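To keep things clear, I will list the structure first and then write my remarks on it.
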Amino acid sequence: MRLVPNVSGDRLVIEVAEARIDAAVAIEFKERMRDLIKDAPERVVLELSKVGFLDSSGLGAVVAVMKLLAPERRLELAGLTPTVEKVFRLTRMDSVFVIHPAAPDVQRAAL
């Protein structure tokens, strides 16, 4: 599971450099994220523009990371592909997460 972290001011942007977050990688995803967010700032942005597929295990892993950060820090999402966005919308998780169209928009919103 390739996750690329980038600290930018008051936030940690983590790019998921994989095409899928599914049952085959969900546990590894959570473990890698746990390591990356250990000393993270208040805002953590998960950049998902390369992820074309997310199943229920992948969604569960993303939610688990959100819970690991709470309540002091928050997990935001950026760059959802149409298929991944549909999963968040159908499960109504789009009302739980702050979702940005793309990571650059996150940077502009922070100014």
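The values are calculated or read from the model by the stated rules, or taken from the named source; none is laboratory data. The model shown is predicted, which means the values in this text are computed figures rather than measured ones. All Cβ positions, glycine included, derive from the backbone under ideal geometry; neighbour counts span all protein chains shown.
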Within the bounds of segment 3-21, is there any residue that is over 14 Å from the mean Cα position of the chain (by Cα) and in a strand (DSSP E or B)? yes
With the condition kept exactly as written, say whether any residue in segment 55-76 is touching a His at 6+ places or on another chain (Cβ under 7 Å) and under 15 Å from Ala102 (Cα atoms). yes
**Report entry** Test result for Arg34, modelled with pLDDT of 95 or more, at positive phi and surrounded by fewer than 16 Cβ atoms within 10 Å (Cβ to Cβ)
**Finding:** no
Asp39: passes all of (1) surrounded by 14 or more Cβ atoms within 10 Å (Cβ to Cβ); (2) charged (D, E, K, R); (3) part of a loop (DSSP other than H, G, I, E, B) but (1)
Checked segment 50-69 for anything in a loop (DSSP other than H, G, I, E, B) and either of a type in the set (S, T, N, Q) or surrounded by fewer than 17 Cβ atoms within 10 Å (Cβ to Cβ) (or both); matches are Lys50, Gly52, Asp55
**Asked** Got at least one residue in segment 83-106 being buried (at least 17 other Cβ atoms within 10 Å of the Cβ) and assigned to a loop (DSSP other than H, G, I, E, B)?
**Response** yes
Against the condition surrounded by 18 or more Cβ atoms within 10 Å (Cβ to Cβ), within 17 Å of Ala102 (Cα to Cα) and touching a helix residue (DSSP H, G or I) at 6+ places or on another chain (Cβ under 8 Å), how does Gly79 come out, does it pass?
yes
If you go through Glu15, Glu72, the only one that is of a type in the set (D, E, K, R), touching a residue at least 40 places away in the same chain (Cβ under 8 Å) and either out of contact with any strand residue (DSSP E or B) (no Cβ under 9 Å at 6 or more places or on another chain) or surrounded by 15 or more Cβ atoms within 10 Å (Cβ to Cβ) (or both) is Glu15
